[in-house]
Amino acid sequence: MDNVELARSLFGTSMAFHIIFATLGVGIPFMVVFAELMFQIRKNKHYAILAKRWTKGFAIILGVAIPSGTIVGVMLSLLFPGFMAIVGQVIAVPFQVEIWAFLLEAVFMSIYVYAADRLSPLLRIVSVFFVALGASASAVLITDAHAWMNTPRGFDLVNGEVVNVDPIAAIFSPSLYTTALHVLSSAYMTGAFVIVSLAAYKLLKQGKSKEEYDYHNRALLLGLIVGGALSLFTALNGHATAQMLHHYQPEKLAAAEGLFETTDYAPLAIFGVADPETGEVKGGIEIPWALSFLAGNSFDTVVKGLNEYPRELWPPLYIHTLFNIMVVIGILLIGLSFGVLIWRYVLKRTLPRWLLRLLVSSGALSLIGIETGWIFSCTGRQPWTIYHMQLTKDAATQTGNLGLLFTLFVSIYAVLLFLTAFVLRYYFKRHPVSKDLMPQPHITEDEGVGTNG
Amino acid sequence: MAESSIAILLVWTLLFVYSILGSVDFGAGFWGMVYGRSEVTNAGALANRYLSPTWEVTNTFLVLVVVALVGFFPKAISMLGTALLLPVSLVLILLLIRSSFMVYAYSSKKYGKELTIVSGVTGLLIPGLLVAVLPISLGGFIDIVDGVPILHFGRLLASPTLWVHLGFGLSTELFLSALFLADYSKESGDRGAYLLYRKAALWLGPFTLFFAVITTYTMVSEAYWIVEAIENNVLWFIFSTLAFVIGYTALLWKPANGMPGVPRAAFTAIIVQYAFASIGYGLSHLPYIIYPYLTVEQGFTNPNTFRALLVSYVIGLLILGPAFYLFWKLFLKDKRYLRQE
């Protein structure tokens with residue numbers, strides 16, 4: 001691999017690692033807000049226990065999310081110094097405001113976790129709301145920088161020098177709204193489906209008390225409603241995102257769909273492999289006219305094909321597969337959540353075990369959807385770092401040693417993934433929900449995630 | 001004042017605040033490890049009680065420093081980013097291990113001891129490594145080859161100035177955190193822990209001063225310019241030393257109520273000491289960010305972005321000010337939190 005590829009691999013792996021924790025860091029507090037609200041409305045202590053236990057899990061996840069976020073933030077400057085030189089001059093504000101949002105989250109997270117017993121119910125809700133708000137705002141602001149990379153505005157490059165800087169135009173680049181909504185709603189959806197997974201897993205286990213089943217059913221229902229609603233929203237917004245691509249990044253849409261020739265009545269190819277030699281998608285299913293409709297809401301919309309662009313500026317063609325995985329997972333999750341909701345609450349039938357098993361997979365599926373979506377969006381912009389402005393090879397570092405660092409970071413990520421899963425499991429095994437559900441609240445010495453004093 | 005001067009002042013202030021917060025944070029992790037398992041003293045538990053709610057905020061400050069540098073001095077970050085790839089990557093790895101193992105340790109009693117050792121030791125190394133950026137910025141270790149800044153890692157490792165800087169970072173970290181925790185234990189009314197941290201601070205104080213003085217004598221020939229500049233700004237360093245003397249002796253004052261030392265006065269005076277020294281050092285460092293390749297003026301961003309950033313700072317402070325006040329009241333002031341058993 002050359003230096004550029006190594007830099008991209010190292011950064012991509014770090015992002016892929018961070019995204020797991022960052023997404024859950026946005027999605028879980030969103031669910032905690034719902035649980036806290038339900039507790040205030042229904043006064044059922046199950047919701048308070050749900051909020052408490054989710055927060056514990058979230059606190060552990062945050063222990064990895066924060067330093068891994070620090071890593072990707074700093075690594076941008078280390079691996080893509082050419083890119084950051086432009087970023088600093090044009091789109092520094094969202095990075096800066098992201099820090100404010102993050103400080104807000106960190107401050108209220110500590111307040112919510114370590115001062116919970118000293119807070120009034122109102123202040124409790126306010127603090128968990130600020131945690132969720134800070135997390136969501138961070139996601140939006142970082143996405144803002146990502147949106148700007150796809151649809152850069154607010155500056156000109158003259159002989160390699162940045163001129164005519166307009167920070168406001170850079171912040172409100174055309175793809176900001178659709179992209180930010182897509183990231184937010186898919187993160188909320190993932191948080192909800194991870195809850196669904198855990199609840200379904202617990203419901204599969206035999207020999208629990210009725211109260212425990214009720215408790216897990218409440219979690220399942222809350223997760224399914226939030227997850228179902230947001231997966232539907234994500235899909236609708238994904239449609240808007242595709243139209244944004246049609247408008248602003250036609251070669252990315254063409255590569256996503258494996259379309260080589262510009263045409264109206266363009267077909268939508270599902271699965272298969274885009275073959276640059278024959279100029280078609282091999283082994284896929286074609287839905288006639290559908291791509292034109294997707295891109296412009298009418299069948300005679302002309303969709304640009306890859307052949308309009310010089311081949312060295314094509315995005316890699318495997319993004320067709322990434323795009324398909326993301327879309328198929330999204331559709332599956334909509335079907336699954338609404339199917340189960342109807343089965344359980346309209347038809348009033350009990351959930352068979354095979355359906356619960358399917359639900360267990362929803363969290364992992366959702367995370368895979370998130371990962372493929374991000375990789376699609378970032379590799380789909382290649383060979384550009386800043387679309388039509390800066391090539392990745394001009395942005396990447398020219399220092400050596402990347403191979404060593406790549407090995408080092410990847411091994412640490414692998415170890416930490418394993419350890420985090422182990423610690424989460426260990427913690428919740430030692431603190432089973434049956435203890436929390438017991439009538440007298442007893443306080444064990446090692447109750448908190450926080451204090452070991 | 002020129003806009004670039006305002007910007008470097010802001011970055012320097014953030015760096016100063018982080019160096020204090022980071023020293024206390026990483027140092028507290030170390031003390032928590034040392035005293036954590038002791039049956040006789042509560043000192044470890046106290047360090048952890050401070051650390052639990054604050055480490056996330058402190059960590060965010062580190063990112064704030066980097067982001068401020070990216071926004072205000074994008075050319076500096078692109079040069080530093082290239083040159084410092086290896087050392088900063090090491091810091092990042094240590095940081096990742098430190099934070100995650102700290103949270104793991106909180107979550108698992110059984111393996112707590114081993115996990116705390118990992119987070120305590122990695123945390124101990126981080127400030128030392130961060131301080132290593134200082135000698136690098138002074139010249140002699142970066143060459144620009146074909147427009148690409150290259151750091152001579154071997155030359156750096158072989159140079160005594162690096163090790164003295166590391167010693168300075170390490171002793172400062174331990175000294176500041178011991179001093180802070182002495183004050184924190186007194187606020188919590190824990191006499192035993194207080195005396196322990198006071199003793200540690202008394203031992204460590206002279207080392208910080210020793211290393212600070214020694215650094216100027218170990219500078220490589222390329223960095224002599226800063227020694228001369230420091231001599232021109234010597235007044236700040238005299239004030240700084242005076243503040244140290246006041247702060248250090250404050251630990252020995254005997255107020256009427258019996259417990260020796262006034263840690264609040266000591267900590268305040270030592271912060272003033274570091275502030276004076278930072279101002280003197282900062283003034284001596286001007287106009288360079290990275291000697292001799294980049295001055296403050298050359299690295300500065302464009303005025304439009306600068307103004308947009310300033311607005312974001314004002315808004316950020318307005319929103320975060322009350323939040324920080326609440327935070328401070330709940331964790332550094334509230335007796336119910338400080339005195340829990």
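The values are calculated or read from the model by the stated rules, or taken from the named source; none is laboratory data. Values in this document were obtained by computation on a predicted structure and should not be read as measured data. Note that each Cβ is placed from the backbone with ideal geometry, even for glycine, and that neighbours are counted across all protein chains shown.
Restricting attention to segment A:139-158, the residues that are of a type in the set (Asp, Glu) and in contact with a Pro (Cβ under 8 Å, 6 or more places away or on another chain) total 1. Answer with yes or no whether B:ALA83 is in contact (Cβ under 8 Å) with a residue 12 or more places away in the chain, more than 7 Å from chain A (Cβ to nearest Cβ) and either crowded, with 23+ Cβ neighbours inside 10 Å or on the phi > 0 side of the Ramachandran plot (or both). Taking the combined requirement at face value, the residue satisfies it. Can A:THR55 be described as closer than 30 Å to A:ASP436 by Cβ and at pLDDT 90 or above? When the stated conditions are applied, A:THR55 does not pass them. Among the residues of segment B:39-55, are any of a type in the set (Val, Ile, Thr), under 27 Å from B:TRP328 (Cα atoms), touching a Gly at 6+ places or on another chain (Cβ under 9 Å) and surrounded by 24 or more Cβ atoms within 10 Å (Cβ to Cβ)? The answer is no; no qualifying residue exists. What is the residue count in segment A:385-444 for residues that are within 11 Å of another protein chain (Cβ to nearest Cβ), part of a loop (DSSP other than H, G, I, E, B) and either within 18 Å of B:PRO87 (Cα to Cα) or aliphatic (A, V, I, L, M) (or both)? Final tally of qualifying residues: 6.
Rundown of residues vs (1) free of Cβ contacts under 8 Å to residues at least 40 places away in the same chain; (2) over 29 Å from B:GLY71 (Cβ atoms); (3) not in a helix (DSSP H, G or I), yes/no style:
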site: A:GLY12; (1), (2), (3): no, no, no
site: A:MET15; (1), (2), (3): no, no, no
site: A:ILE28; (1), (2), (3): no, yes, no
site: A:VAL32; (1), (2), (3): no, yes, no
site: A:GLU36; (1), (2), (3): no, yes, no
site: A:ILE41; (1), (2), (3): yes, yes, no
site: A:TYR47; (1), (2), (3): no, yes, no
site: A:ALA59; (1), (2), (3): no, yes, no
site: A:GLY69; (1), (2), (3): no, no, no
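Are any of the residues in segment A:104-120 modelled with pLDDT of 85 or more and within 30 Å of A:THR241 (Cα to Cα)? So far as segment A:104-120 goes, yes, one or more of its residues are modelled with pLDDT of 85 or more and within 30 Å of A:THR241 (Cα to Cα). Is it the case that segment B:265-276 has a residue that's loosely packed, with under 13 Cβ neighbours inside 10 Å and either touching a residue at least 60 places away in the same chain (Cβ under 8 Å) or assigned to a helix (DSSP H, G or I) (or both)? Within segment B:265-276, none of the residues are loosely packed, with under 13 Cβ neighbours inside 10 Å and either touching a residue at least 60 places away in the same chain (Cβ under 8 Å) or assigned to a helix (DSSP H, G or I) (or both). A single member of A:ALA290, A:ALA274 is of a type in the set (Gly, Ala, Ser) and in contact with a His (Cβ under 8 Å, 6 or more places away or on another chain), and it is A:ALA274. When A:GLN440, A:GLN398 are screened for being surrounded by 12 or more Cβ atoms within 10 Å (Cβ to Cβ) and either modelled with pLDDT of 80 or more or more than 20 Å from A:THR55 (Cβ to Cβ) (or both), only A:GLN398 passes. Just so you know, in segment A:335-352 the residues that are in a helix (DSSP H, G or I) and among the hydroxyl-bearing types (Ser, Thr, Tyr) include one that is surrounded by the fewest Cβ atoms within 10 Å (Cβ to Cβ), and it is A:TYR345.
Take the residues of segment A:104-120 that are more than 9 Å from chain B (Cβ to nearest Cβ) and in contact with a helix residue (DSSP H, G or I) (Cβ under 7 Å, 6 or more places away or on another chain): which is farthest from B:ALA323 (Cα to Cα)? Once the filter is applied, the top-ranked residue is A:ALA116.
The sole residue among A:LEU365, A:LEU291, A:LEU355, A:LEU332 that is assigned to a helix (DSSP H, G or I) and under 20 Å from A:ALA240 (Cβ atoms) is A:LEU291. The set of residues from segment B:92-129 being of a type in the set (D, E, K, R) and facing chain A (nearest Cβ under 7 Å) comprises just one member, B:LYS109. For the residues A:GLU257, A:GLU211, A:GLU261, the requirement of being surrounded by fewer than 23 Cβ atoms within 10 Å (Cβ to Cβ) and in contact (Cβ under 8 Å) with a residue 60 or more places away in the chain singles out A:GLU211.
Going residue by residue through segment A:169-192, is there one that turns out to be outside any helix (DSSP H, G or I), within 14 Å of another protein chain (Cβ to nearest Cβ), in contact (Cβ under 8 Å) with a residue 24 or more places away in the chain and under 23 Å from A:PHE83 (Cβ atoms)? Looking for residues that are outside any helix (DSSP H, G or I), within 14 Å of another protein chain (Cβ to nearest Cβ), in contact (Cβ under 8 Å) with a residue 24 or more places away in the chain and under 23 Å from A:PHE83 (Cβ atoms), one finds none in segment A:169-192, hence no. Within segment B:145-182, the set of residues being among the acidic types (Asp, Glu) and surrounded by fewer than 23 Cβ atoms within 10 Å (Cβ to Cβ) comprises just one member, B:ASP146. Tallying residues that are exposed (fewer than 15 other Cβ atoms within 10 Å of the Cβ) and either among the hydrophobic types (A, V, I, L, M, F, W, C) or more than 10 Å from chain A (Cβ to nearest Cβ) (or both) within segment B:326-341 yields 4. Taken together, A:ALA48, A:ALA101 contain a single residue that is over 18 Å from the mean Cα position of the chain (by Cα) and more than 7 Å from every other protein chain (Cβ to nearest Cβ), which is A:ALA48.
Scanning segment A:297-316 for residues that are under 23 Å from A:HIS239 (Cβ atoms) and either in contact with a strand residue (DSSP E or B) (Cβ under 8 Å, 6 or more places away or on another chain) or polar (S, T, N, Q) (or both) returns A:ASN297, A:SER298, A:THR301, A:VAL302, A:VAL303, A:GLY305.
Going through (1) polar (S, T, N, Q); (2) buried (at least 21 other Cβ atoms within 10 Å of the Cβ); (3) away from chain B (no Cβ under 14 Å) one by one, A:SER9 falls short only on (2). Restricting segment A:61-73 to residues that are surrounded by fewer than 24 Cβ atoms within 10 Å (Cβ to Cβ) and facing another protein chain (nearest Cβ under 7 Å) leaves a set whose member that is nearest to A:THR143 (Cα to Cα) is A:GLY73.
Within segment A:226-243, restricting attention to residues that are out of contact with any Ser or Thr (no Cβ under 6 Å at 6 or more places or on another chain) and among the aliphatic types (A, V, I, L, M), the residue that is surrounded by the fewest Cβ atoms within 10 Å (Cβ to Cβ) is A:LEU236. Taking (1) assigned to a helix (DSSP H, G or I); (2) closer than 27 Å to A:ILE368 by Cβ in turn, A:LEU317 satisfies each apart from (1). Residues in segment B:287-320 that are without any contact (Cβ under 8 Å) to a residue 12 or more places away in the chain, exposed (fewer than 15 other Cβ atoms within 10 Å of the Cβ) and more than 21 Å from A:PHE95 (Cβ to Cβ): B:PRO287 alone.
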